[in-house]
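Below is one structure; the comments refer to it alone.
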Amino acid sequence: MLNSLLKNVVPKAWSNAYFSVKSLANWNNDLKERYAFFELWAQKGQPFVYHISYFTYPTGFTTSLLQKFSRKAGSPSIDRLELDFLT
């Protein structure tokens, strides 16, 4: 671990948190931003805009969104729904 820290590389033991090819310093900044996003969500409620890159498993999150909206009365089935992403 010390060698990784000295080389500014994410230690192998930490890399299971989420995949990234960033340097340790950038990975740490990204982790802080992710934490702040989820902390704000927990304190203030569901956000209007989601930072999809903050999710460890974004596919599961987007699938849960589709499920949520397909279960509303009068909504189409999940296989007829689509997500649209802003860039």
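Among the residues making up segment 14-68, those that are farther than 30 Å from D79 by Cβ, surrounded by 11 or more Cβ atoms within 10 Å (Cβ to Cβ), within 13 Å of the chain's Cα centre (by Cα) and not hydrophobic (A, V, I, L, M, F, W, C) are S20, D30, E33, R34, Y35.
Does segment 69-87 hold any residues that are within 16 Å of V49 (Cα to Cα) and of a type in the set (D, E, K, R), and which are they? The one that is within 16 Å of V49 (Cα to Cα) and of a type in the set (D, E, K, R): D84.
Only a single item in (1) out of contact with any Phe, Trp or Tyr (no Cβ under 9 Å at 6 or more places or on another chain); (2) of a type outside the set (D, E); (3) closer than 28 Å to L2 by Cα; (4) modelled with pLDDT under 90 is not met by S23, and it is number (4).
Counting the residues of segment 1-13 that are in contact with a Phe, Trp or Tyr (Cβ under 8 Å, 6 or more places away or on another chain) and loosely packed, with under 11 Cβ neighbours inside 10 Å gives 0. Note on segment 69-85: residues that are hydroxyl-bearing (S, T, Y) and loosely packed, with under 10 Cβ neighbours inside 10 Å amount to 1.
The values are calculated or read from the model by the stated rules, or taken from the named source; none is laboratory data. Note that this is a predicted model, so its numbers are computed, not measured. Every residue, glycine among them, receives a Cβ derived from its backbone with ideal geometry; neighbour counts consider all protein chains shown.
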